[in-house]
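The values are calculated or read from the model by the stated rules, or taken from the named source; none is laboratory data. Bear in mind that the values here come from a model prediction, so they are computed numbers and not experimental data. Note that each Cβ is placed from the backbone with ideal geometry, even for glycine, and that neighbours are counted across all protein chains shown.
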Amino acid sequence: MRSTYALILSGAMLFACSDNGGEKVEGQEVEEVAAAVADSQLELSVEGMVCAHACGGSIKKALKATGAVEKVTIHFEEERPSNNVVVLYDSKKINKGEIEKIITELNHGQFTSKEISDKKLDNKVSEEKSEQSSSDRTPGISAVTSGFEIPNIFEILSGLIL
């Protein structure tokens, strides 16, 4: 009996996570996102990070979603109370206070940040990058889909075992 439940559960998970082969899904919105051209660099000391992948990934994703951040570099070392985050951003679109606010509001206030340095980047490099990116750049595309959450597999399996 339990093996039947496990088989049904496995099949449901397989089809729930299947790829649609690149077809457009109804209800999916696609928008073009212009690449940000950084003119400033902000270095922060961030406390509360427990891993580079999930914590660093959530910070990168949130900052890149603003459309004003070109690059986020996480310098993570395990068992350090704080880790450094370097953000290259367009100061015409976002300021350092907004960047710090985004980070500190992530994951229900898990992170705290403190500015280490904030400096303007060389304008010649930014202008060259802007000219190059406008001629060579392909527009970025992001997709927004309706929310779908995968159920907690551990809760489901523990119910089958007990």
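Only one residue in VAL72, VAL46 is crowded, with 18+ Cβ neighbours inside 10 Å, among the hydrophobic types (A, V, I, L, M, F, W, C) and over 14 Å from GLN110 (Cα atoms). Which one? Working first, answer last.
Working: VAL46 fails: over 14 Å from GLN110 (Cα atoms).
Among VAL72, VAL46, only VAL72 is crowded, with 18+ Cβ neighbours inside 10 Å, among the hydrophobic types (A, V, I, L, M, F, W, C) and over 14 Å from GLN110 (Cα atoms).
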Single residue of GLY57, GLY67 found to be in contact (Cβ under 8 Å) with a residue 12 or more places away in the chain and surrounded by fewer than 20 Cβ atoms within 10 Å (Cβ to Cβ): GLY67
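Somewhere in the range 48-68, is a residue hydroxyl-bearing (Ser, Thr, Tyr) and part of a strand (DSSP E or B)? Break it down into steps so the answer makes sense when it comes.
If we filter the range 48-68 for residues that are hydroxyl-bearing (Ser, Thr, Tyr), which is where we start, we get 58, 66.
The next check asks that each one be part of a strand (DSSP E or B); those that pass are none.
Scanning the range 48-68 turns up no residue that is hydroxyl-bearing (Ser, Thr, Tyr) and part of a strand (DSSP E or B).
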Could you tell me which of the residues ALA16, ALA12 is of a type in the set (A, V, I, L, M), surrounded by 12 or more Cβ atoms within 10 Å (Cβ to Cβ) and modelled with pLDDT under 65? ALA12
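Is at least one residue of the range 105-122 outside any helix (DSSP H, G or I), under 29 Å from MET49 (Cβ atoms), at pLDDT 90 or above and more than 23 Å from the chain's Cα centre (by Cα)?
We begin by selecting, within the range 105-122, every residue outside any helix (DSSP H, G or I); these are 109-122.
If we keep only those that are under 29 Å from MET49 (Cβ atoms) too, we end up with 109-121.
Next cut, at pLDDT 90 or above only: 109-120.
Narrowing the set further to residues that are more than 23 Å from the chain's Cα centre (by Cα) leaves 119-120.
Yes, the conditions are met somewhere in the range 105-122.
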Just to be sure before I move on: is GLU128 within 15 Å of ALA35 (Cβ to Cβ), part of a strand (DSSP E or B) and at pLDDT below 95 in the structure I sent? no
Tally, over the range 104-116, of residues that are among the small types (Gly, Ala, Ser) and surrounded by 10 or more Cβ atoms within 10 Å (Cβ to Cβ): 1
